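Each remark here refers to the structure printed beneath this line.
The values are calculated or read from the model by the stated rules, or taken from the named source; none is laboratory data. Given the structure is predicted, the values throughout are model-derived calculations rather than measurements. Virtual Cβ from ideal backbone geometry, glycine too; neighbours counted across all protein chains shown. Remember, those area values only see protein heavy atoms, side chains included, never the ligands or the DNA or RNA. Shrake-Rupley method; radii C 1.70, N 1.55, O 1.52, S 1.80 Å.
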Amino acid sequence: MEINTRLTRTLIIVFSMFIIGLVGYNTYLFYNQLKENERDKMEIFSKALGEMAETSNSELGLDESPLIIEVIRSNTTTPLILHTLKGDSYDLSNIPNGDQLSREEIEDMVEAFKQTNPPIETRYEGDVLNIIYYGNAPIITKVKYYPAAILLVIMLFVGFIYFFYQTTKSAEQNKLWAGMAKETAHQIGTPLSSLVGWTEILKAENTNPAYISEIEKDISRLQTITERFSKVGSKPKLEERDVVRETQLAYDYLKARTSKLIHFELELPEKKIPVMLNEQLFGWTVENLVKNGIDAMKGKGKISIKITEQSKTVTIHVTDTGKGIPKRDFKKIFTPGFTTKKRGWGLGLSLAKRIIEEYHEGNIKVLKSTLNVGTTMEIQLKRL
C-alpha cells in the first residue's frame, strides 16, 4: 500500500513537471516569435524613415512626412523613442505622459530600452540619421510572465488540495482518536466498577488490609487512566493550576515506580507559576516523555526535568541520556503509528502533541538530540 502511494505521488509529480515544462517551452517559443515580429515592425519603421530621407533629400521632419506619421500611427502598442541625431531631439510614442518627461528621464528610459532590445539605426548615404529605441509591447510583457503566473496558479491549486487533504485527514484522525479513547474508557470502566465492588467484599471478609491497600492503589491508577482516556475523547476542561506543583506530582509518581538504575534530577522554581491546565492530561504527557526517555536508555541512565519561566510562557524540559533521535525523525516521532520500538504502537508522543498543542494551545518539540548522548524534549505553555 505504501509503495503504491509513493509510486502514485512520484507519477503525479513527474506528470506535473512535464506539463509545466511543456507550457514553459511553448511559451518561450511564442515569446521569441513575438519578439521577432516586433523587431520586423521596427525594421520596417526604420526603412520608412530611410526611404523618406532618400526621396526628399532634405532634413527629415516628422511633421512633414505623412508616410512616417502613418507608420508611427500603425504602431499603437510598442513603446518607442526616436532619437534624431541632427538636432539631438527625441520623439516618444506609446509612452504614458511622454510629453511630461525631462530629458534626463528620457535618457534613462533609452538606457532601459537598450537593455531590452538592440537599437535600430536609420542610415542615409552612410550616415546615421536616427536611432530607434524600443521596449516590449504589453502583450510580450504578459507572455514573458505567463509561465510564472501558470506556475503560481498550479502551486496555489496544489496547496489548496494539500490543505484540504490534510484538514480532512486531521478531522478523520480526530474522530478516530475520540472514538478509540471513549471506547477504551468505556471498556476499562466496566471491570473497574466490578473491582471496586470486590474490594468492598474483601474488606467485609477481614482480608489483610495491606493487600486491600495495594489493590486500591491499582484501582485508583485505573480510574486515573480511565479519566484520561475520557478527556482525550472530548475537549477537556482547563483550570488554573500551578505547573510547578503538577510537574512535581508527576515526578514523584514516576520516581517511586521506576527502577533504581534510573537517576532522577528535578530543577523547579521556588514559586508558583499559574497556567491553564488539565492536570490529568498534563501529568500523562510528562509521564509519556519520561517513559520514552527510560526506554531510550534501556532502563539505565539519568532523567532530568527542568522548568524555566519567561515573561509570557513557561518551559518544561525533559532530558534523558539515551540513544538519541536522528534529526530527520524530529517531526516524524509525533506522527501516529511512528515508532522505533519493536513492540511500540507509536501513539504516546502523538497523544502528547495532541494534548499540548490542541488542548492547551502550547508547543511540544524535540529541542535537541545527539546520537548515543541523549535527547531533550521541550513543552512550552502560556502562563497567566
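Residue under question is Thr340, and the condition is that it be among the hydroxyl-bearing types (Ser, Thr, Tyr), open to solvent by less than 40 Å² (accessible area, probe 1.4 Å) and over 22 Å from the mean Cα position of the chain (by Cα); does it hold?
Criteria not met by Thr340.
Of all residues in the stretch 72-92, which are modelled with pLDDT of 85 or more and in contact with a Ser or Thr (Cβ under 6 Å, 6 or more places away or on another chain)?
The answer is Leu80, and nothing else.
Condition first: more than 21 Å from Gln248 (Cα to Cα), part of a helix (DSSP H, G or I) and among the charged types (D, E, K, R). Can you find one or more residues in the stretch 329-339 that meet it?
Checking the stretch 329-339: at least one residue is more than 21 Å from Gln248 (Cα to Cα), part of a helix (DSSP H, G or I) and among the charged types (D, E, K, R).
Taking the stretch 276-312 as the search range and keeping residues that are of a type outside the set (Val, Ile, Thr) and part of a strand (DSSP E or B), which one is nearest to Glu240 (Cα to Cα)?
For the stretch 276-312, the residue satisfying everything is Met276.
Please find, within the stretch 1-43, the residue that is modelled with the lowest pLDDT out of those that are of a type in the set (D, E, K, R), within 30 Å of the chain's Cα centre (by Cα) and more than 22 Å from Ile150 (Cβ to Cβ).
Glu2
Would you confirm, using the coordinates I've provided, whether Asp99 is at pLDDT below 75, exposed (fewer than 11 other Cβ atoms within 10 Å of the Cβ) and acidic (Asp, Glu)?
no
State whether the residues of the stretch 208-230 include one that is modelled with pLDDT of 80 or more, open to solvent by 50 Å² or more (accessible area, probe 1.4 Å) and in a loop (DSSP other than H, G, I, E, B).
There is at least one residue in the stretch 208-230 that is modelled with pLDDT of 80 or more, open to solvent by 50 Å² or more (accessible area, probe 1.4 Å) and in a loop (DSSP other than H, G, I, E, B).
State yes or no: is Glu200 surrounded by fewer than 13 Cβ atoms within 10 Å (Cβ to Cβ) and among the acidic types (Asp, Glu)?
yes
Which of the residues belonging to the stretch 73-89 are closer than 22 Å to Arg123 by Cβ, open to solvent by 60 Å² or more (accessible area, probe 1.4 Å) and touching a residue at least 12 places away in the same chain (Cβ under 8 Å)?
Across the stretch 73-89, the qualifying residues are Leu85, Lys86.
Checking the condition touching a helix residue (DSSP H, G or I) at 6+ places or on another chain (Cβ under 9 Å), at pLDDT 90 or above, within 22 Å of Ala250 (Cβ to Cβ) and open to solvent by 30 Å² or more (accessible area, probe 1.4 Å), which residue from Asn363, Asn292 passes?
Of the residues listed, the single one that is touching a helix residue (DSSP H, G or I) at 6+ places or on another chain (Cβ under 9 Å), at pLDDT 90 or above, within 22 Å of Ala250 (Cβ to Cβ) and open to solvent by 30 Å² or more (accessible area, probe 1.4 Å) is Asn363.
Quick check on my filter: what residues within the stretch 312-328 are farther than 15 Å from Ile294 by Cα, charged (D, E, K, R) and either more than 24 Å from the chain's Cα centre (by Cα) or surrounded by 21 or more Cβ atoms within 10 Å (Cβ to Cβ) (or both)?
Lys312
Would you point out the residue of the stretch 266-282, among those that are open to solvent by 60 Å² or more (accessible area, probe 1.4 Å) and not basic (Lys, Arg), that is modelled with the lowest pLDDT?
Among residues in the stretch 266-282 that are open to solvent by 60 Å² or more (accessible area, probe 1.4 Å) and not basic (Lys, Arg), the one modelled with the lowest pLDDT is Glu270.
Output the residue which, of all residues in the stretch 237-254 that are touching a Leu at 6+ places or on another chain (Cβ under 9 Å) and among the aliphatic types (A, V, I, L, M), is modelled with the lowest pLDDT.
Checked the stretch 237-254; the qualifying residue modelled with the lowest pLDDT is Leu238.
Taking the stated definitions as given, is Gly299 at positive phi and surrounded by 13 or more Cβ atoms within 10 Å (Cβ to Cβ)?
Considered against the rule, which asks whether it is at positive phi and surrounded by 13 or more Cβ atoms within 10 Å (Cβ to Cβ), Gly299 comes out as no.
Only residues that are touching a residue at least 40 places away in the same chain (Cβ under 8 Å), part of a strand (DSSP E or B) and open to solvent by less than 60 Å² (accessible area, probe 1.4 Å): list them for the stretch 240-265, please.
Ile262, Phe264
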